[in-house]
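The values are calculated or read from the model by the stated rules, or taken from the named source; none is laboratory data. Computed from a prediction, not measured in an experiment: that's the story for all the values here. Here the Cβ positions follow ideal geometry from the backbone for every residue, glycine too, while neighbour counts run over all protein chains shown. Surface accessibility is based on the protein's heavy atoms, side chains included, excluding ligands, DNA and RNA. Shrake-Rupley method; radii C 1.70, N 1.55, O 1.52, S 1.80 Å.
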Amino acid sequence: MCPFRSAEPGATAFQGNAAYQRSILATVPDAMIVIDDHGMILSFSAAAERMFGYAERDVAGRNVNMLMPQPDRQAHDGYMARYLETGVARIIGVGRVTTATRSDGSNFPIELAIGDAITDEGRMFTGFVRDLSERQQSERRLADLQAELAHISRVSAMGSLASALAHELNQPLTAIANYLEGARDLLGNSDAASLAMIREALDEAAAQSLRAGQIVRRLRDFIARGDSEKRVESLRQLVTEASALALTGSGPAAADLEVRLSADCDRVLVDRIQIQQVLLNLIRNAVEAMHRSPRRRIVIRSLSDGHGMVTVIVADSGPGLAPDAQDHLFEPFHTSKDQGMGLGLSICRTIVEAHGGRIWAEPADIGGAAFHFTLTIAADD
Ligand code: ADP
């Protein structure tokens, strides 16, 4: 490989010989991939060979987009052309968490940092790739367990609350029945005194219904309560990270993922971890639903409703929702899976509603199910 120097004006030149660079390439723990300005792979380190399952000779001279899943695979040439033309970097010098594809077609999450250099033989880009699958898998397992535990403990605490609640609700409901029966018995008399008593009974019945509503709402707040820390986040970043997590270890060609997010509603006010949990649940459900489908596609879209909310849609090309699942989809413990707990969607609903949004399911235009949820767009500061 040839010596290269930084493209940054004023940066010091770096000179080295080929043997020296080969020894670096053989030992750096992160995979290192060098490409030219057409995206063609010039060099592929030993760690890259282990991480991606390709030998350097298999990839040398091929387009680096072979190491990416869709939609990046298709879009990469365009990203590079735009950078070379405009100099505006989306990833270069910034680094980000994204997804890569191994030689067997399986996807895994990576942290990618890219440097840009001008060499004697032209422009080159050097990518350092760190495999996040192990770290993310254990973090994900932990996060899953924590979330499920927290929810289960709330649900079981709800069980002990239920008897107290039944007792509390029983009282206003009995009162409502009594007032309404009294009013009905008085309806035959049209004198002023009876009319006044009817009015009073109806007022009381209305007040007791409100009280019953408050009791129910208190319970709902209790279930929905959780520590949430809302910040302005980028929806694109949330979707990228959640899909990288969701597709980790999901085997060869788990699904073709297409992300079509509208740029005018990217900034949302959310608790990052919680909304990623929603996305993760929806994407994993989609992957699971499609395991027997010949064509496995997931499309994630966003669109602004024009009233300060963005709707996020996770659609799949699986079999769609079973007709009898529709009514109880978001209730806890409704599952069609042998190993399912039926908690994922109920947790999604709790989180989305705690964010002031809604969640619902519809048939998808690509054949399967489409889960929609809304989030608040962050006001410009
Ligand atoms: P679990 O995944 O443990 O079953 P969920 O609450 O996440 O719990 O899902 C409940 C049920 O909703 C699933 O068992 C499945 O029947 C249905 N479901 C969820 N997502 C999809 C989807 N994308 N396509 C078809 N059915 C789905």
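Once the chain from Leu202 to Gln237 is taken as fully extended at 0.36 nm per residue, the excess over their C-alpha distance is 7.2 nm.
Compute, for the range 244-381, the length of the dipole vector about the Cα centre, with Cβ point charges of +1 (Lys, Arg) and -1 (Asp, Glu) only. Units Debye, rounded to 20.
Dipole of the range 244-381, to the nearest 20 debye: 420 debye.
Using a ≥ b ≥ c from the Cα gyration tensor of the range 309-381 (square roots of the eigenvalues), is it rounded, prolate or oblate, where a/c under 1.5 gives rounded and otherwise the larger of a/b and b/c decides, a/b for prolate? Oblate shape, in that a/c is at least 1.5 and b/c is the bigger or equal ratio. Surface calculation, 1.4 Å probe, protein heavy atoms: Met197 sits at approximately 110 Å² accessible. Length available on full extension from Met66 to Arg292: 0.36 nm per residue minus the Cα-Cα distance, which gives 78.8 nm. On full extension, the segment bounded by Asn178 and Val28 gains 46.0 nm, given 0.36 nm per residue less the C-alpha separation.
Peptides 305-314, 320-329 ranked from most to least packed, by the mean per-residue count of other Cβ atoms within 10 Å: 305-314, 320-329.
Measuring between their Cα centroids, the range 257-306 and the range 23-72 lie 29 Å from each other. Please work out whether the range 252-303 counts as rounded, prolate or oblate from its C-alpha gyration tensor, where a ≥ b ≥ c are the square roots of the eigenvalues and a/c under 1.5 means rounded, while otherwise a/b larger than b/c means prolate and anything else oblate? Oblate.
Quick check: with the 1.4 Å probe, what order do Tyr54, Tyr179 take by accessible area, largest first?
My answer, sorted largest first, is Tyr179, Tyr54.
Can you tell me the dipole magnitude for the range 165-212 around its Cα centre, using point charges on the Cβ only (Lys, Arg +1; Asp, Glu -1), in Debye to the nearest 20? It would help to have the intermediate numbers written out before the result.
On the way: 3 positive and 7 negative charges, 21 e Å.
The dipole of the range 165-212 has a size of about 100 debye.
Using the Cβ-Cβ distance between Ala192 and Val216 with R0 set to 30 Å, the FRET efficiency works out to roughly 0.25.
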